[in-house]
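The values are calculated or read from the model by the stated rules, or taken from the named source; none is laboratory data. Please read all numbers here as calculations on a predicted model, not as lab measurements. Positions of Cβ are backbone-derived with ideal geometry, glycine not excepted, and every protein chain shown enters the neighbour counts. When the accessible area is computed, the model is the full protein with side chains, heavy atoms only, and any ligands, DNA or RNA have been set aside. Shrake-Rupley method; radii C 1.70, N 1.55, O 1.52, S 1.80 Å.
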Amino acid sequence: MAKKAGTITYKCSQCGYSQPKWLGRCPECGNWNTLEEYIQDPNATTPAGRGTETAIKIKPILLSSVQASGNERLSTGIQEFDQVLGGGAMKRSAIMIGGEPGIGKSTLLLQTASQIANSCKGKILYISGEETASQIKSRADRLHLNVTNIELLCTMRLEDTLTALDNLNPIFVIVDSIQTVYSAQAGLVPGTVNQLKYCANELISWVKERESVLIMTVHITKEGVIAGPKSLEHMVDTVISFERTENEVRFLRAQKNRFGSVDELGIFAMEDKGLVPVPDPGSLFLTHRQTTQPAGVACTAVFEGTRAFLVEIQALTVPAKASLSRVYSDKIDSGRISRIAAILEKRIGLRFSDQDIYINVAGGVRLSESSIDTAVAAALYSARTDLPLSPKCMLTGELSLAGEIRPVPRLKQRIKTAQNLGFTTIIAPQKETGTTAVSTIKDMIKIVFSASATKTSTKKMDMSSDK
């Protein structure tokens, strides 16, 4: 007769002998104090990472008695990837990376596997449920990757994957993708909610008990969010999104990271040899013009993690086509744009309520920092008055509803980045070496646009005299 779930048994840790009552000495092997309390639970997770007939009964322990881990990280061999992960992939961790089809997830992970295989002692296991072995080998040949130490398993069955993991005990595991994995225990159709939760839990349980790293690729929906249940994101340690811009630059960004910051940004360019880190990201989002700078363009410095970038904000204002004006902005929150336009209208007297406003960021990067307020205000003023800013002018500062320009963090790093890229006029709320300090929006307008207004007036006078 089968034992009921939840029945307590006592098993010898030396020989495996079990019986329903505790004894001081094992009758089978004769060792003392080796019988441990176990519970009959087919769904319990054991150190082996599986549900078994008997599992050890977990008891609470004092937190102060726990030995902290050494925070061992495994370098991916790709600096931008390591930076997003917080300095490398933490061992005994599960990482999930999502992105639209064709963005380069498989390419990035195959490059990572090649780098780790060449630099570390240990086996690499690449599990593919979407591509055949010949397709993966063709990609590796095209990218000229050394794949000598990479084990490849093309399967969709979870049981085959777990068997391979137990046999090889790899230090780095790639599952491409988790939506293709299925187990007979959760049905026969891959991609269902039960399949995702069950298969991901089995794989994560395996990696948590070993000095290994697990990376799973996931599909995304048409809205750009990770497909599947939200609980899948809670189960893993790190969630990374892979995005692209209009000019085919790829952004690697952490949405969740238990072992590092979520503010870091990895920047790649897709080339013939695969994904290549961008060598000079500081000026990546600037437009290099051969002609004079047009009206409606302003530059500012923003932070992504520990690095500062200069970005170009572009503004355009046109008479509203309907009775209500609208704001068109997908890279900066439209509510922020409306608020800055209202501040300009109230404090400067420049009317925006009858204008449709269009805002763009060169390079397609999304901006959410409050430090961009002053640059947005300058771009809007420039677009409305048709007065261009100096191409060597950088503005930074948070804008209050009273028209005050408030301080921003890490100003010295922003200034240094701008100066290294040749910017000579730096408008900031604090007085620092090489900056022009302003305290209100009116002061900024007078300083930034006085030269432009003088040049425009002189040009108009010259045109009048010619006539």
Please work out, to two decimal places, the log10 of the ratio I(q)/I(0) at q = 0.21, 0.25, 0.29 Å⁻¹ from a Debye calculation in which every Cα of segment 89-133 carries one identical scatterer.
-> -0.91, -1.20, -1.33
Between residue 440 and residues 5 or more places away or on another chain, the pairs with built amide H atoms under 5 Å apart involve 405
In square nanometres, what is one fourth of the surface area of the convex hull spanned by the alpha carbons of segment 346-429?
-> 6.3
Orphan Cys of the chain, criterion: no other Cys C-beta under 4.7 Å = 120, 154, 199, 299, 393
Within the accessible area of the chain, what % is carbon and sulfur when the probe is 1.4 Å and the other protein chains stay in place?
-> 51
May I have the pair-distance distribution P(r) for segment 116-192, computed from all Cα-Cα distances with 5 Å bins from 0 and rounded to whole percent?
-> 3, 15, 23, 23, 18, 10, 5, 2
Got a sec? Charge dipole of the chain, +1 on Cβ for Lys and Arg, -1 for Asp and Glu; which of 108, 125, 383 is way out at the positive end?
-> 383
Take every Cα-Cα distance within segment 153-221, group them into 10 Å bins from 0 onward, and report for each bin the whole-number percent of pairs it holds.
-> 21, 58, 21, 1
Please tell me the relative contact order of segment 150-299 in percent, rounded to the nearest whole number, where contacts are Cα pairs under 8 Å and at least six residues apart.
-> 13
Net charge near residue 102 (other residues with Cβ under 14 Å of its Cβ; Lys, Arg +1; Asp, Glu -1) is -2
Report, to two decimal places, the Cα Rg of the chain normalised by 2.2 N^0.38 Å (N = number of residues).
-> 1.30
Protection proxy ranking of 10-19, 402-411, 124-133 - average other beta-carbon atoms within 10 Å, highest first | 124-133, 402-411, 10-19
With the charge dipole of the chain built from beta-carbon charges (+1 for Lys and Arg, -1 for Asp and Glu) about the Cα centre, the Cα from 97, 362, 344 projecting farthest to the positive end belongs to 344
Mind checking the dipole of segment 211-356: about its Cα centre, +1 per Lys or Arg Cβ, -1 per Asp or Glu Cβ, Debye to the nearest 20?
-> 600
So what's the back-of-envelope 222 nm ellipticity for the chain, counting only DSSP H runs of four-plus at -39500 (n - 2.57) apiece and dividing by all residues, rounded to 500?
-> -8500 deg cm²/dmol
Contour minus Cα-Cα span, residue 100 to residue 323, at 0.36 nm per residue, comes to 76.4 nm
So what's the gap between the Cα centers of segment 142-183 and segment 210-252, to the nearest angstrom?
-> 18
Write down the Kirkwood hydrodynamic radius of segment 187-294, to one decimal in angstroms, obtained as one divided by the mean of 1/r over all alpha carbon pairs.
-> 16.9
Of the listed peptides 417-427, 165-175, what is their order by residue-averaged count of other C-beta atoms within 10 Å, with the highest listed first?
-> 165-175, 417-427
Listed residue (298, 152, 194) projecting farthest to the positive dipole end of the chain, Cβ model | 298
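List, in the order given, every pair from 208/256; 137/197; 105/273; 197/230; 346/431; 105/137 whose Cα-Cα distance in the structure shown is over 20 Å.
137/197; 346/431, as the Cα separations exceed 20 Å there.
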Residue 137 accessible area, assembled protein chains, probe 1.4 Å, Å² = 100
For the chain, size of Cβ-based charge dipole, Lys and Arg +1, Asp and Glu -1, in debye | 1020
For residue 206, solvent-accessible area (1.4 Å; no DNA, RNA or ligand), Å² | 0
